[in-house]
Amino acid sequence: MAKIFCVANQKGGVGKTTTTVNLAAGLAKVGQRVLMVDLDPQGNATMGSGIDKRTMELSVYDVLLESASVTEAAVLSEKCGYHVLGASRDLAGAEVELVSLERREKRLKTALAAVDADYDFVLIDCPPSLSMLTLNGLCSAHGVIVPMQCEYFALEGLTDLVNTIKQVHANLNRDLQIIGLLRVMFDPRITLQQQVSDQLKAHFGDKVFDTVIPRNVRLAEAPSYGLPGVVFDPSARGSQAFVTFAQEMVDRIRTM
């Protein structure tokens with residue numbers, strides 16, 4: 001049975017896509033069968049997985065409108081070792097089209113149920129806004145992984161996200177919970193980041209992942225080559241941290 005996780009944060013620029021593609025590559029490296037779903041119309045996670053969004057025949061847009069199945073639309077990224085259900089420009093229009101359709105927030109959940117036995121992990125890269133696309137992601141997921149920088153404004157954004165997750169849990173998806181908070185772009189030399197990190201641990205306890213992803217130039221460079229950092233430069237500190245995080249995720253799921 002596949003474990004489905006959204007990588008979500010309502011604040012933009014916190015490293016959601018970087019986290020999604022590198023965790024997917026890290027999980028593939030530790031022997032897991034992974035599907036990465038790109039729900040962001042920008043398609044950055046698709047391009048960052050070595051798949052050209054301009055040449056895809058089918059995308060997550062077709063799956064949401066039920067004109068294709070996940071099996072038909074997903075493609076294998078051979079360099080990265082995981083399957084990609086990619087996003088194309090059409091996805092921006094899906095927002096409007098979904099509004100008038102039946103079961104509009106459960107369409108991704110229904111589609112993923114058909115491939116439940118084919119994967120160990122499904123990772124969903126959500127847009128930064130709370131949209132119909134994000135809602136589809138949250139309704140189909142068992143939990144949310146929250147990447148966040150250890151900065152003051154990130155704490156404020158976290159409060160909004162926790163409230164959103166509570167509302168979705170109460171009204172649409174009883175399985176939904178926060179799996180954990182992942183500290184990303186972390187620089188231990190900055191006192192404020194250390195303080196915010198300590199605050200997070202004091203408040204959220206074991207919901208904060210042990211792995212910390214350091215600020216790393218190679219991770220930032222990787223998308224321009226159309227690859228996750230874990231594949232682009234496996235020896236980089238950031239890449240090694242993501243592989244460690246992938247193993248922590250596998251261990252955490254066993255104890256859930």
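The values are calculated or read from the model by the stated rules, or taken from the named source; none is laboratory data. Please read all numbers here as calculations on a predicted model, not as lab measurements. Counting neighbours? That spans all protein chains shown, and the Cβs are built from the backbone with ideal geometry, glycine included.
For the range 172-207: of the residues being outside any helix (DSSP H, G or I) and of a type in the set (Val, Ile, Thr), which is surrounded by the fewest Cβ atoms within 10 Å (Cβ to Cβ)? Step by step, filter the range 172-207, then rank; the result is 190.
Scanning the range 64-81 for residues that are surrounded by fewer than 17 Cβ atoms within 10 Å (Cβ to Cβ) and of a type in the set (Ser, Thr, Tyr) gives 67, 69, 71. Report yes if residue 84 is assigned to a strand (DSSP E or B), crowded, with 16+ Cβ neighbours inside 10 Å and not hydroxyl-bearing (Ser, Thr, Tyr), otherwise no. Answer is yes for this residue. Selection of the range 133-171 for residues being among the polar types (S, T, N, Q), assigned to a helix (DSSP H, G or I) and either on the phi > 0 side of the Ramachandran plot or in contact (Cβ under 8 Å) with a residue 40 or more places away in the chain (or both) yields 134, 136, 140, 164. Restricting the first member to the range 231-256 and to residues that are closer than 17 Å to residue 7 by Cβ, and the second to residues that are assigned to a helix (DSSP H, G or I) and among the polar types (S, T, N, Q), the beta-carbon pairs closer than 6 Å and six or more apart or on different chains are 242/22. Of note, residue 234 satisfies the criterion of being within 19 Å of residue 45 (Cα to Cα), in a loop (DSSP other than H, G, I, E, B) and not hydroxyl-bearing (Ser, Thr, Tyr). Kindly check whether there is at least one residue in the range 217-228 that is buried (at least 19 other Cβ atoms within 10 Å of the Cβ) and farther than 21 Å from residue 82 by Cα. Within the range 217-228, none of the residues are buried (at least 19 other Cβ atoms within 10 Å of the Cβ) and farther than 21 Å from residue 82 by Cα.
Within the range 53-63, if we keep just the residues that are over 19 Å from the mean Cα position of the chain (by Cα) and not aliphatic (A, V, I, L, M), the residue that is surrounded by the most Cβ atoms within 10 Å (Cβ to Cβ) turns out to be 62. Among the numbered conditions (1) closer than 24 Å to residue 236 by Cα; (2) touching a helix residue (DSSP H, G or I) at 6+ places or on another chain (Cβ under 8 Å); (3) not in a helix (DSSP H, G or I), the only one that residue 221 does not meet is (3).
Residues in the range 209-216 include at least one that is modelled with pLDDT of 95 or more, out of contact with any strand residue (DSSP E or B) (no Cβ under 9 Å at 6 or more places or on another chain) and not in a helix (DSSP H, G or I).
Condition check: surrounded by 22 or more Cβ atoms within 10 Å (Cβ to Cβ) and out of contact with any Asp or Glu (no Cβ under 7 Å at 6 or more places or on another chain). Does residue 245 satisfy that?
Here the answer is yes, as residue 245 does meet what is asked.
Residues that are surrounded by 24 or more Cβ atoms within 10 Å (Cβ to Cβ) and in contact with a Cys (Cβ under 8 Å, 6 or more places away or on another chain) within the range 125-139 comprise 126, 133, 137, 138, listed in sequence order.
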